[in-house]
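The values are calculated or read from the model by the stated rules, or taken from the named source; none is laboratory data. What you see is a predicted model; the values in this text were computed from it and never measured. Cβ sites come from the backbone with ideal geometry, for glycine too, and all protein chains shown count toward neighbours.
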Amino acid sequence: MAVLVGIGGLLTYVSIFFPPVFTAIINFFWILMLIIVAIFLVLGILVIVGLKEEVSSFLDVLLEGSLTIIDAIDLIRKLYERFLLVLKDFIYFITPLLAVLVALAIYLGILVLYKGMGRENDITSLTAVITIAMVVAVGVLNRPVEEKPIVTWLQSVRKRFKEYFSDAFEVIIFIFFLTMDSVNLFFLPKELNIPLTAQVGDFDLMLRAVNVTNQLTATVYLVTLGIILEIARNVIRVVAVAFNHYKDLPRDDGKIHNIKRSIRLSFSDSKDDVLKFITFTTALIMVFLAFPRLKLFAMVIASMTGLILDAVIPGRLKMREGKDLISRLLNKAFKI
């Protein structure tokens, strides 16, 4: 019934918007019905004149031909199913490429927006907004979630895309902060390859961070604030894990003893993360010192946002194994 209603609706649509096509369809079916009626009458006449056996043989042939059509339809169905399987395998195979392309598109979009607004405006506030948005996006992508068994093809593709997109997004974030103030980006038009302006009070954030002759205190403030915020994040994480250990310890050993033991256990669990934090923060600051102070400003905003995310997203403080790209690279590079 639903098929008939669908066909009727399609024919109605064609008759209203494509009258010539509708007329051609009606003429085709009318001629087909006339041919069927003519064959029917001819067969009836042949039976009347005594050619019953011949008509019976013709009907047998007609039946076999109809069955052949059914076989052909079944073959087409199997080919279609096979095509879907190949298509699904192909989509699954190119999912990493699609994830990278989406990340690159986001990078170009953000960069064009950033450069476009920076042509006539101070980009300090915009830098803070984009930094917060990127850190939040990474935090959401890498938030702790319960692993569910993969049952469908769509679930496997979604999981594969998320994993590769998370890594690609972290890479484009790093690339964005390296190139956001560059005036020699070949893939941008000349009107966007221009110097930017960024100030916080009297401090010029576009001066090179290693510049010791002009506003050196700005660099000192930014480096100090960035490191202090990251230290605070790691201390809070150690305390949060220690609190979980404390709840599991027996009460017979005494409160002070349990507090000290839980802190030791927490620090032991978090030691690798602390080493990663020290290594990554030091390397990042050393790299950013060679660039304008705007990058150090973005690092401070990122640290503040991360501190807020630790309090907002449940489970972030209790994560003991980093699955993000930076953690994996540090594990391989420095064996920590």
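For region 193-222, give me each residue that is small (Gly, Ala, Ser) and more than 21 Å from residue 287 (Cα to Cα).
Narrowing region 193-222 to residues small (Gly, Ala, Ser): 198, 201, 209, 218.
The answer is 201, and nothing else.
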Verdict on residue 208 being among the basic types (Lys, Arg), surrounded by 11 or more Cβ atoms within 10 Å (Cβ to Cβ), in contact (Cβ under 8 Å) with a residue 12 or more places away in the chain and in contact with a Leu (Cβ under 6 Å, 6 or more places away or on another chain): no
Residues of region 157-195 satisfying the condition of being touching a Phe, Trp or Tyr at 6+ places or on another chain (Cβ under 7 Å) and in a helix (DSSP H, G or I): 157, 160, 172, 175, 176
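Looking at residue 89, is it within 24 Å of residue 303 (Cβ to Cβ), out of contact with any Cys (no Cβ under 6 Å at 6 or more places or on another chain) and either of a type outside the set (Gly, Ala, Ser) or part of a helix (DSSP H, G or I) (or both)? Let's see the steps before the verdict.
On the way: within 24 Å of residue 303 (Cβ to Cβ): no; out of contact with any Cys (no Cβ under 6 Å at 6 or more places or on another chain): yes; either of a type outside the set (Gly, Ala, Ser) or part of a helix (DSSP H, G or I) (or both): yes.
Criteria not met by residue 89.
So is residue 225 modelled with pLDDT of 80 or more and either within 21 Å of residue 132 (Cα to Cα) or touching a Phe, Trp or Tyr at 6+ places or on another chain (Cβ under 7 Å) (or both) or not? If you could, list the steps in order and put the result at the bottom.
On the way: modelled with pLDDT of 80 or more: yes; either within 21 Å of residue 132 (Cα to Cα) or touching a Phe, Trp or Tyr at 6+ places or on another chain (Cβ under 7 Å) (or both): yes.
Judged against the criteria, residue 225 is a match.
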Selected residue [loosely packed, with under 13 Cβ neighbours inside 10 Å and of a type in the set (A, V, I, L, M)] from 228, 236: 228
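Any residue in region 134-144 that is of a type in the set (D, E, K, R), within 18 Å of the chain's Cα centre (by Cα) and farther than 24 Å from residue 93 by Cα?
So in region 134-144, the residues of a type in the set (D, E, K, R) come out as 143.
Cutting the leftovers down to within 18 Å of the chain's Cα centre (by Cα) gives us 143.
Imposing the further condition that a residue be farther than 24 Å from residue 93 by Cα reduces the set to 143.
Yes, some residue in region 134-144 is of a type in the set (D, E, K, R), within 18 Å of the chain's Cα centre (by Cα) and farther than 24 Å from residue 93 by Cα.
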Criterion: over 27 Å from residue 113 (Cβ atoms), out of contact with any Asp or Glu (no Cβ under 9 Å at 6 or more places or on another chain) and in the same structural domain as residue 287 (by TED's automatic domain parsing) - qualifying residue of 230, 147: 230
Yes/no for residue 280 being at pLDDT 80 or above and either in contact with a strand residue (DSSP E or B) (Cβ under 9 Å, 6 or more places away or on another chain) or part of a helix (DSSP H, G or I) (or both): no
In region 145-156, the residues that are surrounded by 12 or more Cβ atoms within 10 Å (Cβ to Cβ) and either free of Cβ contacts under 8 Å to residues at least 60 places away in the same chain or not in a helix (DSSP H, G or I) (or both): 150, 155
Verdict on residue 147 being more than 30 Å from residue 202 (Cβ to Cβ) and either of a type in the set (Ser, Thr, Tyr) or out of contact with any Lys or Arg (no Cβ under 6 Å at 6 or more places or on another chain) (or both): yes
Candidates 112, 102, filtered to the one that is under 30 Å from residue 201 (Cα atoms), under 28 Å from the mean Cα position of the chain (by Cα) and in a helix (DSSP H, G or I): 112
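Would you point out which residue out of 131, 68 is touching a residue at least 24 places away in the same chain (Cβ under 8 Å), part of a helix (DSSP H, G or I) and polar (S, T, N, Q)?
On the way: 68 fails: touching a residue at least 24 places away in the same chain (Cβ under 8 Å).
Selected residue: 131, the only one of 131, 68 that is touching a residue at least 24 places away in the same chain (Cβ under 8 Å), part of a helix (DSSP H, G or I) and polar (S, T, N, Q).
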